[in-house]
Amino acid sequence: MQEHRINLRVRYAETDQMGVVYHGNYAQYFEIGRVEWLRNKGISYKELEEEGIMLPVVSLNMNYKKPAVYDEELTVITRLKYLGGVKIEFDYEIINEKGELLTTAHTVLVFVDMKTKRPTAVPEHLNQLINKS
């Protein structure tokens, strides 16, 4: 499975009144992981959009195991689950600096033609970049 890891530190503004990361912020952590996974493969969202391709999230499922807290260093692990047809799927894990599993997630994104706003096949050059390693 193709995997990428990125570290980030929980900022104060990302926490709620209980001192833990507000649940809505996890989607941003997964986006960071996904964007950097793609960048590591030589693919940028900016270039995709310049080519007329959007990649919206159509499904996000999360499971919270333990809370992340202010100033804790997190590792977002992003793994390609599926690529084909009009979609790409990723699995995620977030672990803390102690190696404890905090959160798991799964996203489904669809390749969409920006002009027609309709799903489109995975661009062949992306398929090649993703599958070359």
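Some observations on this one:
- Residues in the stretch 109-131 that are modelled with pLDDT of 95 or more and closer than 15 Å to GLU47 by Cβ: PHE111, MET114.
- When the stretch 66-101 is filtered for residues that are more than 19 Å from ARG5 (Cα to Cα) and either in a loop (DSSP other than H, G, I, E, B) or of a type outside the set (A, V, I, L, M, F, W, C) (or both), the ones remaining, listed by number, are LYS66, PRO67, TYR70, GLY84, GLY85, VAL86, LYS87.
- For the stretch 107-133, a residue qualifies if it is part of a strand (DSSP E or B) and either farther than 25 Å from MET62 by Cα or of a type in the set (Ser, Thr, Tyr) (or both), and the qualifying residues are THR107, ASP113.
- Residue match in the stretch 125-133 (condition: surrounded by 18 or more Cβ atoms within 10 Å (Cβ to Cβ) and under 18 Å from GLN2 (Cβ atoms)): yes
- Among the residues of the stretch 1-29, the ones that are surrounded by 12 or more Cβ atoms within 10 Å (Cβ to Cβ), closer than 27 Å to LYS132 by Cβ and either in contact with a Ser or Thr (Cβ under 6 Å, 6 or more places away or on another chain) or without any contact (Cβ under 8 Å) to a residue 24 or more places away in the chain (or both) come to 2 in all.
- Taken over the stretch 1-19, the residue count meeting the criterion of being of a type outside the set (S, T, N, Q) and either at pLDDT below 95 or more than 27 Å from ARG79 (Cα to Cα) (or both) is 7.
- Screening the candidates ILE43, ILE32 for the property of being among the β-branched types (Val, Ile, Thr) and either open to solvent by 40 Å² or more (accessible area, probe 1.4 Å) or in contact with a Gly (Cβ under 6 Å, 6 or more places away or on another chain) (or both) yields one hit, ILE32.
- Flag if THR104 is among the hydroxyl-bearing types (Ser, Thr, Tyr), in a loop (DSSP other than H, G, I, E, B) and either surrounded by fewer than 15 Cβ atoms within 10 Å (Cβ to Cβ) or under 15 Å from the mean Cα position of the chain (by Cα) (or both): no
- Flag for ILE43 being out of contact with any Cys (no Cβ under 7 Å at 6 or more places or on another chain) and in a helix (DSSP H, G or I): no
- The one condition in (1) surrounded by 14 or more Cβ atoms within 10 Å (Cβ to Cβ); (2) within 21 Å of GLU100 (Cα to Cα) that LEU55 fails to fulfil: (2)
The values are calculated or read from the model by the stated rules, or taken from the named source; none is laboratory data. All figures in this text were calculated on a predicted structure; none of them were measured in a lab. We place every Cβ from the backbone using ideal geometry, glycine too, and count neighbours over all the protein chains shown. Ligands, DNA and RNA are stripped out before the accessible areas are found, and what is left, the full protein with its side chains, is counted by its heavy atoms. Shrake-Rupley method; radii C 1.70, N 1.55, O 1.52, S 1.80 Å.
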